[in-house]
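Below: one structure, written as structure tokens.
The values are calculated or read from the model by the stated rules, or taken from the named source; none is laboratory data. Everything numeric in this text was worked out from a predicted model, so none of it was measured. Cβ coordinates were reconstructed from backbone atoms using ideal geometry, including for glycine residues, and neighbour counts include every protein chain displayed. All accessible areas refer to the heavy atoms of the entire protein, side chains included, with ligands and DNA or RNA removed. Shrake-Rupley method; radii C 1.70, N 1.55, O 1.52, S 1.80 Å.
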Amino acid sequence: MSTESAFLSLPGAVAGAPASPDGVVTAAHYGDPVSEQRMLAAGRAIVDLSDRGVVTVTGDDRLRWLDSLTSQAVGQLAPGSSAETLLLDPQGRLEHSIRLLDDGTTTWLLVDAAQAAPLAAWLDRMRFMMRVEVADVSADWATLGQLQPEGARLLVSAAEPNGTPLVWRDPWVEVQSGGWQYAGVETHPGAEFPAVELLVPRDSLPGLVAGLGAGLAHVAGSLALDALRIAAWRPRQSDVDERSIPHELDWLRSAVHLSKGCYRGQETVAKVHNLGHPPRRLVMLHLDGTLSLLPAPGSPVLSGGAEVGRVTAAARHHDLGPIALAVVKRSLPVDAPLVVTAEVPGDDGAPTGETAEIAAAQEVVVPPEAGATAGVPRIPRLGAVRR
């Protein structure tokens, strides 16, 4: 059974959908999502992310062990440093995206709520003779978020159980060492998304909320954060399906080190990047706002009446208007006219079963030519005749 976050006691709070049936319910907004976006972008608002999960890894071998299992080079991560890494299956498909922070004693893995238990269970099975201990501590620790542009301060003090503040800084703002960006833009919108996540004891939330009610800081809901994330082309676990590989979402930018040692799924990562092309690609859609509708995650993207992809997230941005992220076929022309379908709600907001088509224009994130970076020349087949 879902439980309500203490933040829902704040004035104007409107609950969002829980991430899981027995998860924590947080606020979608507090009455004005557009103003909340602007305050969040300016570094003046806190987002309640207490519906997310936290896994800890302790022991002397923790970083070396995680480095051997996941896509990013984290074996030498300094206390207080942040990273993002991916756990892939043997075929290179995405299983878990992990925001990682080490405090010198414990490595903290910040994940979506539904990931915490299965990730902790899988890691626990992989310990073998390594000096590590794994725990799902989601019931004890809560995540809060904000953006911290230059000159802005942290609005909440993070916990310091081992003397180092538990503050994770999103590496999406720039291409990380050993990474690769497929997006062919001079100025990446990720540079304008300096996201920060802080950990606090879950039992401290009621006191924190009391301070927010007294004017300690502004608050923003999940809708505001989603809108800014989409505009920054920033992928998260909710954009992933059972076929996703990192290249399709441009995740090599922040979460993959292309020259580190072996890890599960590395062969696929290397082959697609060096010799092949990802079969699908991420785009941002600019949606026609005439009908004031947004497509739900999973809504089909159509071109010429045929399905060419699926929407992964959609929001109303304070500057760009209605936008969405979608994963489409690599072969889709970059100038193809597109439509997406959206459910039409009734006057009471309940589903009616009717759908409407919304015109959409794609902004390329991952181009069709992404991959094949090795530039290996094609060798003619034996016996082929040159012309």
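Please determine whether any residue of region 204-222 is under 17 Å from the mean Cα position of the chain (by Cα) and not in a helix (DSSP H, G or I). If you could, list the steps in order and put the result at the bottom.
Taking region 204-222 and keeping what is under 17 Å from the mean Cα position of the chain (by Cα), we get 221-222.
Checking which are not in a helix (DSSP H, G or I) leaves us with 221.
Among the residues of region 204-222, at least one is under 17 Å from the mean Cα position of the chain (by Cα) and not in a helix (DSSP H, G or I), which makes the answer yes.
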Counted residues, region 234-249 - those being out of contact with any strand residue (DSSP E or B) (no Cβ under 6 Å at 6 or more places or on another chain) and not in a helix (DSSP H, G or I): 7
Among the residues of region 29-48, count how many are touching a strand residue (DSSP E or B) at 6+ places or on another chain (Cβ under 7 Å) and of a type in the set (Asp, Glu). 2
Scanning region 250-270 residue by residue, the ones that are surrounded by fewer than 23 Cβ atoms within 10 Å (Cβ to Cβ), of a type in the set (Gly, Ala, Ser) and part of a helix (DSSP H, G or I) total 1
For region 112-139, which residues satisfy the criterion of being touching a helix residue (DSSP H, G or I) at 6+ places or on another chain (Cβ under 6 Å) and either open to solvent by 40 Å² or more (accessible area, probe 1.4 Å) or closer than 25 Å to ARG234 by Cα (or both)? ASP112, MET130, ASP136, SER138
Please return the ranges of strands (runs of 3 or more DSSP E) entirely within region 291-375 where 2 or more residues are at pLDDT below 95 and open to solvent by less than 50 Å² (accessible area, probe 1.4 Å). 338-345
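Could you grab me the full set of residues in region 3-57 that are of a type in the set (Val, Ile, Thr) and farther than 24 Å from ALA158 by Cα? Walk me through it before giving the result.
So the first thing to find is which residues in region 3-57 are of a type in the set (Val, Ile, Thr), and the list is 3, 14, 24-26, 34, 46-47, 54-57.
VAL14, VAL34 - these are the residues of region 3-57 that are of a type in the set (Val, Ile, Thr) and farther than 24 Å from ALA158 by Cα.
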Determine which single condition VAL175 fails, assuming it passes every other condition in (1) surrounded by fewer than 21 Cβ atoms within 10 Å (Cβ to Cβ); (2) part of a loop (DSSP other than H, G, I, E, B); (3) in contact with a strand residue (DSSP E or B) (Cβ under 6 Å, 6 or more places away or on another chain). (3)
Among the numbered criteria (1) within 20 Å of HIS29 (Cβ to Cβ); (2) open to solvent by 20 Å² or more (accessible area, probe 1.4 Å); (3) out of contact with any His (no Cβ under 9 Å at 6 or more places or on another chain), which single criterion is violated by ALA195? (2)
Tell me which strands (runs of 3 or more DSSP E) are completely within region 86-151 and hold 3 or more residues being free of Cβ contacts under 8 Å to residues at least 24 places away in the same chain and closer than 30 Å to HIS218 by Cβ, or say none if there are none. none
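From the set of residues in region 271-281 that are surrounded by fewer than 17 Cβ atoms within 10 Å (Cβ to Cβ) and not in a helix (DSSP H, G or I), which is farthest from the chain's Cα centre (by Cα)?
Step one: list which residues in region 271-281 are surrounded by fewer than 17 Cβ atoms within 10 Å (Cβ to Cβ), which gives 271, 274-276, 279.
Imposing the further condition that a residue be not in a helix (DSSP H, G or I) reduces the set to 275-276, 279.
Details: LEU275: 27, GLY276: 25, PRO279: 20 Å.
Only one residue tops the list, namely LEU275.
When you check THR106 against the structure, is it in contact with a Pro (Cβ under 8 Å, 6 or more places away or on another chain) and within 30 Å of VAL209 (Cβ to Cβ), yes or no?
Details: in contact with a Pro (Cβ under 8 Å, 6 or more places away or on another chain): yes; within 30 Å of VAL209 (Cβ to Cβ): yes.
Considered against the rule, which asks whether it is in contact with a Pro (Cβ under 8 Å, 6 or more places away or on another chain) and within 30 Å of VAL209 (Cβ to Cβ), THR106 comes out as yes.
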Within region 158-165, is even one residue surrounded by 20 or more Cβ atoms within 10 Å (Cβ to Cβ) and not basic (Lys, Arg)? no
Conditions: (1) surrounded by fewer than 23 Cβ atoms within 10 Å (Cβ to Cβ); (2) touching a Ser or Thr at 6+ places or on another chain (Cβ under 9 Å). ARG64 meets all but one. Number of the miss? (2)
